[in-house]
Structure formats: C-alpha cells, structure tokens
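The values are calculated or read from the model by the stated rules, or taken from the named source; none is laboratory data. What you are looking at is a predicted structure, and each value in this text was computed from that prediction instead of being measured. Here the Cβ is made from the backbone with ideal geometry for all residues, glycine too, and neighbour counts use every protein chain on show.
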Amino acid sequence: MKTVIFNGSPRKSGDTATLINEFRSELKGKITVFSAYAGGISPCTDCRYCHEHSGCSIADGMDGVYNSISDCDNLVIASPLHFSELSGPLLSLFGRFQTYYAAKYIRKKPEKIKRKNGVLILAGGGSGGSESAVRTAETVFQMLNTECVSVVTSLKTDVLPASLDEAALSDARNAGKLLSSLSRS
Ligand SMILES: Cc1cc2nc3c(=O)[nH]c(=O)nc-3n(C[C@H](O)[C@H](O)[C@H](O)COP(=O)(O)O)c2cc1C
C-alpha cells in the first residue's frame with residue numbers, strides 16, 4: 001500500500017505535522033511526503049504546454065509528484081487554514097495538476113490515475129471556518145480520482161494545540177487505521 005501526503009504547513013513541528021504523525025502511526029505501507037514549503041516546486045505559469053502535450057513544461061520536483069500519484073493507493077491533503085483556505089504554497093503546488101485537467105477536458109485524453117482513498121487533515125486557530133478549504137480539497141481529490149473517506153480537523157489551535165486535542169488525535173489515528181483496512185492493493 002502506497003500513501004502520498006501533501007503537507008501544506010510551513011511549521012516542521014506545528015499542528016498539521018502533529019496530526020500527520022499521529023495519522024502515520026496507524027498507517028501501513030510506504031509513505032511519501034511532499035512539503036509545499038520545502039519542495040522547490042514552481043507554480044503553474046499557464047503556459048498551455050499541457051493543452052497540446054502530456055506532462056508539464058516545467059522540469060522540477062513536480063516530476064516526482066506526478067510519478068508518485070500515478071500508482072499510489074492513498075492521497076492525503078494536510079494543511080493549516082490560511083485565510084480559510086489551504087495554504088498558498090499548497091494551492092500553488094496543486095496548480096501543477098492543471099496538466100490532468102487539460103488532458104481530460106482539452107486534449108480529451110485523460111491520464112490514467114489509479115483509484116485512491118483520500119484523507120483531509122486541517123488545522124486552524126482563528127475564525128472564518130473551514131468550508132472553502134474543504135471544497136478546494138474535494139476539487140483536488142476529484143481531479144486525482146480519489147474518494148475522501150475521512151476528514152480530520154483541529155480548528156481551535158489558538159487555545160488548544162493539536163498536540164493536546166485528544167479528539168483530533170484520535171480521529172487522525174482512526175483515519176490511518178481506516179486507510180490500512182481499506183487498502184485497494
Ligand atoms: C497567514 C495565516 C493565516 C491564517 N488564517 C487562518 C484562518 O483563516 N482560519 C483559521 O482558523 N486559522 C488561521 N490561521 C491560523 C493557523 O491555521 C493555525 O495556527 C494552525 O494551527 C497552524 O498550523 P501549523 O502549525 O500546522 O502551520 C492562519 C495563520 C496564518 C499564519
């Protein structure tokens with residue numbers, strides 16, 4: 001079983017990282033983490049190369065992401081809320097999935113992406129709610145042929161850090177267990 005985790009937090013030991021670690025403690029198989037802040041992945045420039053060709057005109061760390069996505073079984077989106085959304089660098093990385101959109105809707109030759117199970121992990125410590133981030137994550141999951149089977153949230157980190165949020169920690173462990181039990185491979 002292969003799991004790809006996208007970490008949208010700039011904080012190495014922050015709330016999102018805490019929830020990811022808890023989730024991982026119950027997850028079997030191979031795990032690959034891509035950090036939106038440390039990955040050296042450029043934003044999509046809308047150059048429209050992918051309107052005519054498969055792949056992307058930018059050669060960078062995203063090649064590793066495309067390779068991992070093609071055959072992984074599980075996909076995890078983990079992010080702090082920034083202005084009620086997934087963090088900016090994570091959205092920027094996800095912009096590079098435009099090639100999948102172009103393949104399907106413009107070139108009419110959809111990429112073959114293995115069916116996956118998904119988990120969404122969100123940390124927030126302010127006001128504004130998480131609905132926008134959930135909606136955005138759903139769009140990404142849909143593009144990547146992924147069914148979201150669990151959403152883990154710790155949304156009061158300003159008063160209760162994720163490391164002390166027992167309900168969120170338990171939800172994170174259960175999400176790891178669930179993916180291990182649902183393994184499609
Ligand atoms: C630029 C910025 C914007 C933020 N916007 C929100 C927000 O809209 N809603 C919210 O609940 N928390 C917001 N927060 C708080 C973080 O989501 C919160 O501290 C979170 O637990 C940080 O997670 P991390 O430690 O994994 O980075 C914001 C933080 C920053 C730095």
Subject >> Looking only at segment 1-18, and only at residues there that are within 10 Å of Ser79 (Cα to Cα) and within 11 Å of the ligand (Cβ to nearest atom), the one that is surrounded by the fewest Cβ atoms within 10 Å (Cβ to Cβ) >> reply: Pro10
**OP:** Kindly check whether there is at least one residue in segment 158-166 that is free of Cβ contacts under 8 Å to residues at least 40 places away in the same chain, part of a helix (DSSP H, G or I), closer than 20 Å to Gly14 by Cα and not hydrophobic (A, V, I, L, M, F, W, C).
**Re:** yes
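Restricting attention to segment 27-45, does a residue exist that is assigned to a helix (DSSP H, G or I), closer than 30 Å to Ser181 by Cβ and not small (Gly, Ala, Ser)?
Within segment 27-45 (the criterion being assigned to a helix (DSSP H, G or I), closer than 30 Å to Ser181 by Cβ and not small (Gly, Ala, Ser)), the answer is no, since none of the residues qualifies.
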Original post:
Could we say that Ser92 is within 16 Å of the ligand (Cβ to nearest atom) and either touching a Pro at 6+ places or on another chain (Cβ under 9 Å) or of a type in the set (S, T, N, Q) (or both) here?
Top reply: yes
**OP:** Find all pairs meeting these conditions: Cβ atoms under 9 angstrom apart; at least six residues apart or on different chains; first residue within segment 13-26 and part of a loop (DSSP other than H, G, I, E, B); second residue within 9 Å of the ligand (Cβ to nearest atom) and among the small types (Gly, Ala, Ser).
**Re:** Gly14/Ala123; Gly14/Ala162
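Only one of Thr99, Thr136 is polar (S, T, N, Q), free of Cβ contacts under 8 Å to residues at least 60 places away in the same chain and closer than 19 Å to Cys50 by Cα; which?
Thr99
Taking the criterion of being within 11 Å of the ligand (Cβ to nearest atom), in contact (Cβ under 8 Å) with a residue 40 or more places away in the chain, under 25 Å from Ser9 (Cβ atoms) and among the acidic types (Asp, Glu), would at least one residue in segment 71-80 satisfy it?
No.
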Subject >> Top-ranked residue of segment 139-155 - restricted to ones that are without any contact (Cβ under 8 Å) to a residue 40 or more places away in the chain and either crowded, with 17+ Cβ neighbours inside 10 Å or over 16 Å from Thr3 (Cβ atoms) (or both), ranked as farthest from the ligand (Cβ to nearest atom) >> reply: Asn145
Original post:
Among Cys72, Cys44, which is the only one that is out of contact with any Gly (no Cβ under 9 Å at 6 or more places or on another chain), farther than 19 Å from Leu169 by Cβ and modelled with pLDDT of 95 or more?
Top reply: Cys72
